[in-house]
Structures are given as C-alpha cells and as structure tokens.
1. What are the residues in the stretch 401-449 that are in contact with a Pro (Cβ under 8 Å, 6 or more places away or on another chain) and either hydrophobic (A, V, I, L, M, F, W, C) or crowded, with 18+ Cβ neighbours inside 10 Å (or both), if any?
2. How many residues does the stretch 98-125 hold that are in contact (Cβ under 8 Å) with a residue 40 or more places away in the chain, surrounded by 16 or more Cβ atoms within 10 Å (Cβ to Cβ) and part of a helix (DSSP H, G or I)?
3. Any chance the stretch 251-270 includes a residue that's in a helix (DSSP H, G or I), touching a helix residue (DSSP H, G or I) at 6+ places or on another chain (Cβ under 8 Å) and modelled with pLDDT of 70 or more?
4. Here's a check for you: in the stretch 83-97, which residue that is surrounded by 15 or more Cβ atoms within 10 Å (Cβ to Cβ) and either free of Cβ contacts under 8 Å to residues at least 12 places away in the same chain or aliphatic (A, V, I, L, M) (or both) is nearest to LEU73 (Cα to Cα)?
5. Which of the residues that make up the stretch 191-205 are in contact with a helix residue (DSSP H, G or I) (Cβ under 7 Å, 6 or more places away or on another chain) and modelled with pLDDT under 80?
6. Of all residues being of a type in the set (D, E, K, R) and part of a loop (DSSP other than H, G, I, E, B) in the stretch 417-469, which is modelled with the highest pLDDT? Just the residue, please.
7. Suppose the filter is surrounded by fewer than 17 Cβ atoms within 10 Å (Cβ to Cβ), among the small types (Gly, Ala, Ser) and modelled with pLDDT of 80 or more; does SER71 pass it?
8. Does the stretch 209-224 include one or more residues that are within 30 Å of THR49 (Cα to Cα), within 25 Å of the chain's Cα centre (by Cα) and either at pLDDT 75 or above or surrounded by fewer than 12 Cβ atoms within 10 Å (Cβ to Cβ) (or both)?
Amino acid sequence: MGPSWQSDRALSMPLIHSIAGRKTIRSMIAGGAVLLVIVAVAFGLVELTRHQAVQLRHVYDMRDSALRIFSLLQDAETGQRGFLLVGRTVYLDPYENALRDLEAEFERFIRLNEADREISDEDLRRLLELKRDKLAELGETLETIKGRGRDEALDIVKSDRGIKIMNEIRAQIDKIVRVADDKKSFLLLKQDEIASTFRWINIAAAGLIVLFAVISIRIVNRHVRDILDARNELDALNHSLEQRIADRTAELSRANDEIQRFTYVVTHDLRAPLVNIMGFASELGRDLALVKIAAHKIGVDALGEEASAAIDRDMPESIGFIQTSTTKMDRLINAILKLSRDGRRELNFERIDMRALLENAKAALVRQIGEANAEVEIAPSLPSVVSDRFSLEQVFTNLLDNAVKYLKPGLPGRISVQGFYEGGDAIIFEVKDNGRGIAPHDQERVFEMFRRSGAAQDRPGEGIGLAHVRHALRRLGGEISVVSEFGQGATFRVRIPNKGT
C-alpha cells in the first residue's frame, strides 16, 4: 500500500510543477500587462498635456494679436491728432508706422483664428470693416488738412465719427479678449484635471505593484511548500536523492528569504515602486538560474515537460518583458519629474560671467570631448548676462554635450561658442558644430519631449535634453532655434533677455 501510494504521488509531481508554473507565468503576464497599460496611459497624459500647452500658447497669441491691432489703431489715431494739432509731418510717424504694421498683424490674427475658429466669421468681417472705416476717416482728415485746411479737418474730427468707430472697435477687441480669456481658463482647468489624474494613476500603479508582489510571493511560497512535501516523499523512494533534494531545498529557502526581504522593501518604500519591481525581477531572474540547476539535476521526467518549458523559456521571457516595461515607465516618470522639479524651482537672477560658465561646462565634458577627438572653442570675449545661473549651466551643458555626442564618426570635431548683443534687450549665443546636422523637417521636432530624430536613435538618452533646454530658456524669457543642413553640422541659437540693461 505504501509503495503504491508513493508511486502515485511521484507521478503527480509533474502536475504540481505544471500548475505552479502556469500560475507564476499568468501572474507575471498580468503584472506586465498592468505595467504596459500604465505606461500607455501615462504617455497619453503627457501627449494630452503637450497638446493643451500648444492650445494655450495659441490662445495667448490670439489675445496678444488682437490687443496689438487695437494698439496700432490707437497709434495711427495719435499720429493723426498730433499732425492736426501741430501741423508738422514728424508727428505722422506713428500713423505711418501703424499703417505699415497693421495689415501684417491682421493677417497674423486671421491665420491664428483659422486654427480653431474661436472668432466667428461675422465678428471678423465686422472688425475688418471697422478697421477700413477708421483708416478711411484718418486718411480723409489728413487729406483735408493738406487740401482745404485745418478747420475743415477739425470739423471732421468734431463729427465724432472717429470716436464712434474706435468705441466699436474697442468693443470688438474686448469681445475677442473675453473669448480668449474664457478659453485660457478652460485649458488651465483641464491641465489641473490632467495633473490630478496623473497623481491618481501613480497611486494606483503603486497599489497594483504591491498587490502583484504579494500574489507572486504567495504563489512562490505555495510552490516551495509543494516541493518540500515532495522531497519527503522522494526520500522514501530513493535515499540516494537525499543530498540533492536537501541542496535544492536550501536554495529555495534562500530564494524565499530574498523574496521576503524584497517584500519588506516594497512595503516600506512606496515612493519608488518601479525601482522595487525592477529589483524584484532581477532577484527572480537570479533565483530562476538556481532553480534551473536544481531542475536539471532532477531531470525532465521528474519535473514535467510543461514545468521545464516554463522554467527554461516562458519564465525568462516574462521576466524580460517586465524589466522592459518597468524600464520604459521609469524613464518616462523620471523625465516628467525632472521637468516638473525644474519648473517649480525658484529662479535666482544674478550677473554671470558667461565665459567662465562655458569654460566650466566644457571642463565637465572633458572626457567626452577627448573621446570624440573634438575641439571646443569659446570666444575670448562674451557678453555677461543677468539671469539664473543654474538654468544657464543646464542649457549650455546640454548643448555642448549634444554637439559632442552627434559629431561625425572619424571626423575631428569642431565646436565653437560665440555671443553678441541683439539690439538693446537681448543677447544671442550661438553653439556651432560640424557634426551630423539636422534635416529641415526634424529641426522643430528635436525640441519636443521624448522625440528623437534621424540618426539620434543610436545614442543613449531619454529624448528630453533639448526639450529641457527650451523649457528652461522660456522660463527665463528666452528662446532657442536651430539652423542646419543634414550632414553639414548645426548652429543652435540661444536668445537670452538682457535683464541688466
């Protein structure tokens, strides 16, 4: 009776391993699927945030354009009044300048409105009619002064036709501004909702990861208990297997201890759930190697084909899938957190010696510069600026690092930095290289978050360097652009407000 029962129990071992293996695989696949969904949702929220930011910029542009139109009409009227009162042509300068800029600004406003049709065609036509009427009234006044004298021109002004037109123009502009302000408030509310959703997603992700870890540990513990029971039964069948079973039990006990330690880390370090699950996957991979050794000692017949396939093929694939998914999620969240932290940091403006700052940035990259066989030439005389030192260090370190990273292989790199004043309110710095260059259709794309173009895919990075540079400069009131031809190098042009003037 005893030997027959033991023989049946031994035959049931492959079934035990098969069930445990399938449960482990299902758990891993479920966890990987959850992480993949989290990655997809987070990426969708990032794209939605970027789209909302573009819309918000568009609303600000429309509002500014409408107010500029009104300002130009006021300038034109000011020039007319000055000439009417004094009679000197120099007072017509505001009028003539306004006429020169007004058509271009109207065309810009119409183009902006075509994007989302916030302003009705009827209101737009009415604004154009009022503009023509106002310019006609101003022109008629000036022609009357030149032809029939100031008194008759004053009669035109005293008719109050010009005031009525300007009042109606002001009403139209106010209506446009209100529409823009309403749209701005709506977009800002949506951004707050997206931020709240992202926070809840992170909380849910942490909870799901903890749940997945607990389920996995319970499955492994159950599996260990089954193996320990089987060991006792196999001792009765074949005492020669005693040492190997003892060794395997010890290995599984160590694996169980490591999993318990991992559970403690997960439970007490929820601030970094993705780091924990990546560590857990690495631990599980190492333990799987030990299980493989023990499984091969037992043999396929004792272990079962399905369990053997699970250990040799399915489980390593699942572990790799989890590691890939968590790595992508970790890089995405770290990139967003970096931009978020920089966005909240308080700016500290001070006068900065730009040559010293650039020399420090160059020194920080001396190893990369040497490995690339490159030379970095910084102009001996650079304008100083009043700005935030940390932001500018980040900007120029990123630009120099990119210039070195994307040089042409086998060609000595030449990188130069120069700076000069642009008018009285801005300073321009240019970082020029003889590297790979950027194709025209990619020159705006390189500044987008998580977007990399052309041959840039063969270099390490998260695709946020230039997006971070543009974000930092815009916080300072500056801007960045690139001039390049593919294969002919690139020149990044940084414009920084000269707050010291």
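1. Filtering the stretch 401-449 down to residues in contact with a Pro (Cβ under 8 Å, 6 or more places away or on another chain) leaves 419-421, 425-427.
The answer is GLY419, PHE420, ALA426, ILE427.
2. Final tally of qualifying residues: 5.
3. Looking through the stretch 251-270, at least one residue is in a helix (DSSP H, G or I), touching a helix residue (DSSP H, G or I) at 6+ places or on another chain (Cβ under 8 Å) and modelled with pLDDT of 70 or more.
4. Let us first name the residues in the stretch 83-97 that are surrounded by 15 or more Cβ atoms within 10 Å (Cβ to Cβ), namely 83-84, 91-92, 94-95.
This time we only want the ones that are either free of Cβ contacts under 8 Å to residues at least 12 places away in the same chain or aliphatic (A, V, I, L, M) (or both), so: 84, 92.
Details: LEU84: 16, LEU92: 13 Å.
Result: LEU92.
5. We begin by selecting, within the stretch 191-205, every residue in contact with a helix residue (DSSP H, G or I) (Cβ under 7 Å, 6 or more places away or on another chain); these are 191, 194, 197-198, 201, 205.
Matches in the stretch 191-205: GLN191, PHE198, ALA205.
6. Of the residues in the stretch 417-469, the ones of a type in the set (D, E, K, R) are 422, 425, 430, 432-433, 436, 442, 444-445, 448, 451-452, 458-459, 462.
Next cut, part of a loop (DSSP other than H, G, I, E, B) only: 425, 436, 444, 448, 451-452, 459, 462.
Values: ASP425: 78, ARG436: 89, GLU444: 85, GLU448: 79, ARG451: 62, ARG452: 59, ARG459: 54, GLU462: 58.
Top of the filtered list is ARG436.
7. Values: surrounded by fewer than 17 Cβ atoms within 10 Å (Cβ to Cβ): yes; among the small types (Gly, Ala, Ser): yes; modelled with pLDDT of 80 or more: yes.
When the stated conditions are applied, SER71 passes them.
8. Start the filter on the stretch 209-224 by keeping residues that are within 30 Å of THR49 (Cα to Cα), which leaves 209-212.
After this cut, where a residue has to be within 25 Å of the chain's Cα centre (by Cα) as well, the list is 209.
So of that shortlist, the ones also either at pLDDT 75 or above or surrounded by fewer than 12 Cβ atoms within 10 Å (Cβ to Cβ) (or both) come out as 209.
Within the stretch 209-224 (the criterion being within 30 Å of THR49 (Cα to Cα), within 25 Å of the chain's Cα centre (by Cα) and either at pLDDT 75 or above or surrounded by fewer than 12 Cβ atoms within 10 Å (Cβ to Cβ) (or both)), the answer is yes, since at least one residue qualifies.
The values are calculated or read from the model by the stated rules, or taken from the named source; none is laboratory data. All values reported here derive from a predicted model rather than from experimental measurement. Quick reminder, even Gly has a Cβ in these numbers, built from the backbone with ideal geometry, and neighbours come from all protein chains shown.
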